[in-house]
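A.B. asks: This is the structure I have questions about; it appears just below.
The values are calculated or read from the model by the stated rules, or taken from the named source; none is laboratory data. Model, not experiment: these values are computed from the prediction. Note: ideal-geometry Cβ built from the backbone for every residue, glycine included; neighbour counts use all protein chains shown. Only protein heavy atoms, including side chains, enter the accessible area calculation; ligands, DNA and RNA are left aside. Shrake-Rupley method; radii C 1.70, N 1.55, O 1.52, S 1.80 Å.
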Amino acid sequence: MTSLENRKPAPPAAGAVTPAVRATRSGPPSKPAKKKRTRRGSFWGSVLPPIVIVALLVVIWEVGVSVTGVRPQVLPAPSRVVVEGLERADIIWGHTLSTLQVTLIGFAFSLIVAWIIAIAIDFSGVLRRGLMPLLVASQTIPIIAIAPLMIIWFGFGLLPKILVVALVTFFPIVVGLIEGFNKADRETSNLLRSMGAGRWKEFTFVRLPSAMPSFFTALRISITYAVVGAIFAEYVGAQSGLGIFMSTQKNAFRTDLVLAAVAVTAVLSITLYLLTFVIERLVIPWSFKERKARGDR
Amino acid sequence: MSTPKIQLVGLQKEFDLGGGESRHVVDDVSFSVQPGEFVAVIGPSGCGKSTMFNIIAGLELPDAGEVRVDGQNAVGQREHFAYMPQKDLLFPWRTIVENGALGLEVQGMPKKKALERSKQFFHTFGLAGYENSHPYELSGGMRQRAALLRTVVQGREILLLDEPFGALDSLTRIEMQNWLQGVWSEYSWTAVMITHDIREAVYLSDRVIVLTARPASVRLELEIELPRPRELSLVTSPEFVAYEEQLIEVLHEESRKAFAQQNGAHS
């Protein structure tokens with residue numbers, strides 16, 4: 001980017017300068033890539049360390065179990081978890097789909113509610129003062145106490161689970177959005193107003209787009225809660241799902257299958273988490289490029 | 001003389017600080033700007049320049065006094081002025097041409113037409129070839145030109161520039177002033193510019209208005225009778241230096257007052 005930085009303004013000859021400028025512009029794409037490799041290492045540089053660490057832990061676990069001869073009901077060897085898990089792969093897969101469904105529907109519902117609340121708060125100081133204490137209070141409700149009540153109130157269907165997922169995930173999104181909207185400062189607001197914008201145009205032209213990076217940060221935090229929330233809701237009572245699967249296997253002392261379900265849960269969470277990066281890059285490519293450009297300087 | 005483009009008549013503004021206290025920020029500011037004239041407003045920091053600007057731009061209402069455009073009362077009206085804030089405030093999610101079109105889009109022009117209008121200015125503003133770049137790819141000077149482009153594209157009668165080059169390093173600033181001077185003599189916009197920079201004020205403007213320490217009122221109006229177009233070499237000429245000296249003297253007196261005020265307020 002240095003070549004662009006140093007370009008001097010040459011207005012009368014701007015037309016003549018352009019070809020040279022175009023030539024320098026074709027340069028940058030290759031440059032950051034090179035820099036990235038030297039500083040952060042290659043793709044394998046970021047993927048290898050976690051794999052090695054996990055593999056190491058699994059080996060220690062495997063060896064530890066066979067050396068101490070601990071009973072599998074207490075602590076099964078990882079190999080046993082894998083073998084037993086794979087044997088019941090189709091059952092676990094069915095439960096995974098249920099959990100995924102609860103997670104996604106609950107999270108979608110949570111997103112809708114969070115957006116509505118955040119926008120309403122952005123437009124009204126009264127609502128902000130009135131709602132914020134309630135929202136904070138909602139986060140102090142112990143899920144462990146409320147989840148069984150949800151089942152009593154709404155039965156074993158989808159609804160209580162969706163509500164639990166929404167309850168544990170909407171708050172970070174609301175806070176992320178409200179703070180994001182406020183990133184547009186007074187001066188920006190003045191600029192828009194001078195152009196003739198009212199409150200709604202100010203919102204759509206500035207406040208909404210400037211909130212997107214913090215929205216995605218909040219989204220990442222929330223999506224991991226969503227999976228845990230769904231599993232917790234199922235654990236308390238459900239017809240299918242990883243939560244209820246873990247609960248029944250625990251009661252049967254099948255620790256190996258509980259752990260297999262835990263592993264699936266982890267994979268599910270990580271996948272959804274990584275997915276938010278993909279969506280972020282699709283929805284707000286500018287944010288990613290800008291951050292990268294800043295990092296390069 | 002024709003009807004002035006802008007006329008400020010006895011502007012007053014006080015801010016309520018709460019607890020029964022208030023701060024008198026603008027006190028009886030009156031001056032006028034002729035069509036096609038470039039006027040620089042200079043004053044000690046914290047003197048209320050920006051508040052005065054917001055009143056002219058229709059973003060704030062004065063407690064008393066009038067803003068007239070073409071002789072008509074224009075208090076609280078925003079449609080006459082294109083406002084350029086101190087920071088470039090280019091939006092990272094918009095390309096440069098889209099940033100340029102912002103004002104037109106806000107005013108309801110279809111996006112395609114707004115982008116075309118914005119594009120027409122790229123050559124003049126030395127931004128040709130950067131239409132589809134994003135702000136972070138541009139240098140400070142280029143960003144500031146893009147911000148000015150966004151201001152000019154709106155096609156409004158009067159430009160209000162709030163320290164347009166304040167954030168630039170001194171070399172880039174000189175180049176920008178030189179460039180603006182050239183473009184301005186071509187378009188002869190009516191413009192009011194706030195600045196801290198005495199040299200910039202003399203170099204660019206037809207008239208310099210010096211404000212007093214807070215509450216701001218007009219301390220001095222100085223016609224700059226230097227021929228246009230102005231060359232950079234002009235700044236070392238005796239006439240130029242004489243204007244500068246005159247301004248420095250008055251301004252420093254006001255700055256000392258402002259400084260004493262601030263110290264008084266803190267002790």
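A.B. asks: Kindly provide the pair-distance distribution of chain B built from C-alpha pairs, with 10 Å bins from 0 and whole-percent values in order of increasing distance.
C.D. replies: 7, 28, 34, 23, 7, 0
A.B. asks: Heads up, I need the accessible area for residue A:276: 1.4 angstrom probe, whole protein in place, Å², nearest 10.
C.D. replies: Its accessible surface works out to 10 Å², give or take rounding.
A.B. asks: Taking Cα atoms, how many degrees apart are the long axis of helix A:158-181 and the longest axis of chain A, rounded to 10 and kept between 0 and 90?
C.D. replies: The helix A:158-181 is inclined about 30 degrees to chain A.
A.B. asks: For residue B:60, what accessible area in Å² do you get when you roll a 1.4 Å probe over the heavy atoms of the protein chains, rounding to the nearest 10?
C.D. replies: 40 Å²
A.B. asks: Let me ask something else. Per DSSP helix of 4 or more residues, -39500 (n - 2.57); summed, then divided by the residues of chain B. What does that give at 222 nm, rounded to the nearest 500? List each step's numbers first, then the result.
C.D. replies: Values: 8 runs with 95 residues, N = 267.
So the calculated ellipticity at 222 nm is -11000 deg cm²/dmol.
A.B. asks: Quick one: helix A:43-68 against the long Cα principal axis of chain A, what's the angle to the nearest 10°, folded into 0 to 90?
C.D. replies: Approximately 20 degrees, to the nearest 10.
A.B. asks: Which aspartates and glutamates, on any chain, are close to residue B:87 with Cα under 15 Å apart, when same-chain ones fewer than 8 places away are left out?
C.D. replies: The reachable aspartates and glutamates, counting only those whose Cα sits under 15 Å from residue B:87, are A:185, A:187, B:162, B:163, B:169.
A.B. asks: Identify which of A:214, A:42, A:222 has the largest mean-square fluctuation in a Gaussian network model of chain A, with springs joining Cα atoms closer than 10 Å.
C.D. replies: A:42
A.B. asks: Using a 10 angstrom Cβ neighbour count of at most 16 plus a DSSP loop assignment to flag exposed chymotrypsin sites (Phe, Trp or Tyr not before Pro), which longest range of chain A is free of such sites? Could you put the intermediate results ahead of the total?
C.D. replies: Numbers: sites that count: A:156, A:253.
After excluding every exposed loop site, the longest remaining stretch is A:1-155.
A.B. asks: Identify which of A:237, A:198, A:155 has the largest mean-square fluctuation in a Gaussian network model of chain A, with springs joining Cα atoms closer than 10 Å.
C.D. replies: The residue with the greatest mean-square fluctuation here is A:198.
A.B. asks: Another question about this same structure. Over all pairs of distinct alpha carbons, what does the Kirkwood formula give as the hydrodynamic radius of chain A, in Å?
C.D. replies: Numbers: mean 1/r = 0.0429 Å⁻¹.
Mean inverse Cα-Cα distance, inverted, gives 23.3 Å.
A.B. asks: Same structure, new question: How far is helix A:14-25 tilted, in degrees, relative to the longest principal axis of the Cα atoms in chain A, given as a value from 0 to 90 rounded to the nearest 10?
C.D. replies: Relative to chain A, helix A:14-25 is tipped by roughly 20 degrees.
A.B. asks: Using every alpha carbon pair in the protein assembly as shown, what percent of pairs falls into each 20 Å bin from 0 up to the bin containing the largest distance?
C.D. replies: 17, 38, 27, 15, 3, 0
A.B. asks: Could you pull the Cα extents of the stretch B:199-256 along its three principal axes, largest to smallest, in whole Å?
C.D. replies: Sorted from largest, the Cα extents of the stretch B:199-256 read 36, 17, 13 Å.
A.B. asks: To continue, here is another question. Are there chymotrypsin sites (Phe, Trp or Tyr not before Pro) in the stretch B:202-267 that DSSP marks as loop and that have at most 12 other Cβ atoms within 10 Å, and which are they?
C.D. replies: Hits after loop and neighbour filter: nothing returned.
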